[in-house]
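Working notes, structure below.
The values are calculated or read from the model by the stated rules, or taken from the named source; none is laboratory data. This one's a predicted model, so the numbers in the text were calculated from it and none came from an experiment. Heads up, the Cβs are rebuilt from the backbone with ideal geometry, glycines too, and the neighbour counts pull from every protein chain shown. Surface accessibility is based on the protein's heavy atoms, side chains included, excluding ligands, DNA and RNA. Shrake-Rupley method; radii C 1.70, N 1.55, O 1.52, S 1.80 Å.
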Amino acid sequence: MEVSEFTAVTGKIIFNMRCIRYLLIGLLVAGCSNLSSKKDGPAETAITGRINISVDESFKPVISEQIKVFESSHPEAHIIAAYKSEADCFRDLQTDSTRLVIVSRGLSGQELTQYKTRLEFKPLYDLLAYDAIAVVLNTANNDSVFTLNELKAMLAGENKNRYNAVVDGKNATSTVRYLIDSVLNGKPLGSNVTAAKNSADVITYVSENAGAIGFVGASWLADNDDKEMKTSLSKVKMALIECKSCEKDVFAKPSQETIMHAQYPLVRGLHYILKENWSGLGTGLINFMSLERGQLIFRRSYLVPGQMQFNRRKTRINKSE
């Protein structure tokens with residue numbers, strides 16, 4: 001074999017070895033890429049992925065139930081809820097700690113403009129359900145009927161000797177904001193008002209003190225699987241509050257019927273605010289809570305669905321002889 005022929009053959013062998021080497025490297029990289037994608041898990045969609053949300057603590061029972069049912073239907077969805085004061089929820093939304101908050105109000109016009117300027121799109125927000133502030137008393141207390149003026153006097157500290165009012169924190173909670181805005185007409189809470197750590201502690205305190213009157217979100221009084229909370233709930237009762245819009249003297253407890261017919265006066269909304277302009281897991285959760293299954297969960301928790309109406313109809317069944 002001549003030198004030129006040998007050189008040509010050698011060149012072909014080297015070229016082929018390089019091709020094989022590059023092919024092996026390509027396969028190795030592709031394999032590592034596949035392993036990495038499997039490790040990271042599926043990309044976030046409306047029913048898969050992981051998301052952190054912030055929730056007003058007074059809505060914890062009903063929202064934790066919503067998440068439980070949603071995740072059971074979509075095993076690859078993981079929603080990590082932090083339950084905190086309403087002010088902290090809005091703070092998380094402003095600092096981009098979360099894309100979704102569930103609170104007792106929507107966005108003001110000014111807030112919407114600020115978010116649109118910063119995000120270059122409008123956050124979505126809407127009403128999910130109607131909630132109520134329940135007034136709770138120890139079961140040993142015989143007095144359970146109050147006018148709004150009596151509640152106002154208690155919260156303002158004008159009737160200190162009658163009851164020790166308990167709320168879920170004196171500052172920054174939606175319950176406190178509602179009581180100041182809607183019951184006290186902007187006046188501060190009286191010195192006789194005690195601040196509990198959260199809604200669960202309000203119920204526990206009232207269950208252990210006959211002279212206490214507590215203010216909590218109505219969903220806290222629905223069926224609860226926690227044994228300690230069940231024990232506390234068995235020792236408290238809901239007070240009847242004066243209906244201001246009724247023609248006759250009517251006093252009502254919070255329920256679907258009394259909220260829908262404007263008989264119970266201490267009613268507020270349960271809203272979501274979502275900073276997500278694509279179909280992510282936040283959108284999936286909101287869609288779930290807005291449709292039939294989610295709305296029925298609200299209904300079962302002393303709340304009134306805000307997106308769907310469930311009418312009760314009378315039917316007659318003819319029994320065959």
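Remark: spin-label model distance residue 126-residue 227 equals 4.2 nm, labels positioned 7 Å along the Cα→Cβ axis. Amide hydrogen proximity for residue 169: with H placed 1.01 Å from N in the peptide plane, the residues at 5 or more positions away or on another chain lying under 5 Å are 196.
Pop out the carbon and sulfur fraction of the accessible area of the stretch 168-320 as a percent, whole number, probe 1.4 Å. Carbon with sulfur: 46 percent of the solvent-accessible area.
Tell me whether the stretch 99-186 comes out rounded, prolate or oblate; compute the Cα gyration tensor, take square roots of the eigenvalues as a ≥ b ≥ c, and use a/c under 1.5 as the rounded threshold. It comes out prolate by the Cα gyration axes. Each residue of the stretch 102-110 is assigned a 3J(HN,Hα), and the resulting list reads 10, 9, 9, 8, x, 9, 6, x, 5 Hz, derived from the Karplus form 6.51 cos²θ - 1.76 cosθ + 1.60 (θ = phi - 60°), x at Gly and Pro. For residue 197, a cut-off of 12 angstrom between C-alpha atoms picks up these aspartates and glutamates, skipping any fewer than 8 places away in its own chain: 57, 168. Multiplying the residue separation of residue 247 and residue 194 by 0.36 nm and removing their Cα-Cα distance gives an extension gain of 15.6 nm.
Any idea what % of Cα-Cα pairs in the stretch 75-138 are farther than 20 Å? Counting pairs separated by more than 20 Å, the tail of P(r) holds 40 percent. With a cut-off of 14 Å between beta carbons, the residues surrounding residue 181 carry a summed charge of +4, where Lys and Arg count +1 and Asp and Glu -1. What the stretch 251-309 shows is 42 Å² of accessible area per residue, with the surface traced by a 1.4 Å probe over protein heavy atoms.
For the residue pairs 60/248; 60/170; 60/227; 187/275, the alpha carbons lie more than 24 Å apart in 60/248; 187/275. Return, ordered by residue number, the residues of the stretch 59-101 whose backbone nitrogen is under 15 Å from a label point located 7 Å along Cα→Cβ of residue 50. Once the point is set 7 Å along Cα→Cβ of residue 50, 76-82 turn out to lie under 15 Å by backbone N, inside the stretch 59-101. Extending 7 Å from the Cα toward the beta-carbon at both residue 82 and residue 110 defines two label points whose distance is 2.5 nm.
Taking a point 7 Å from the Cα of residue 159 along the Cα-to-Cβ direction, the residues of the stretch 211-244 with backbone N closer than 18 Å to it are 211-216, 237-244.
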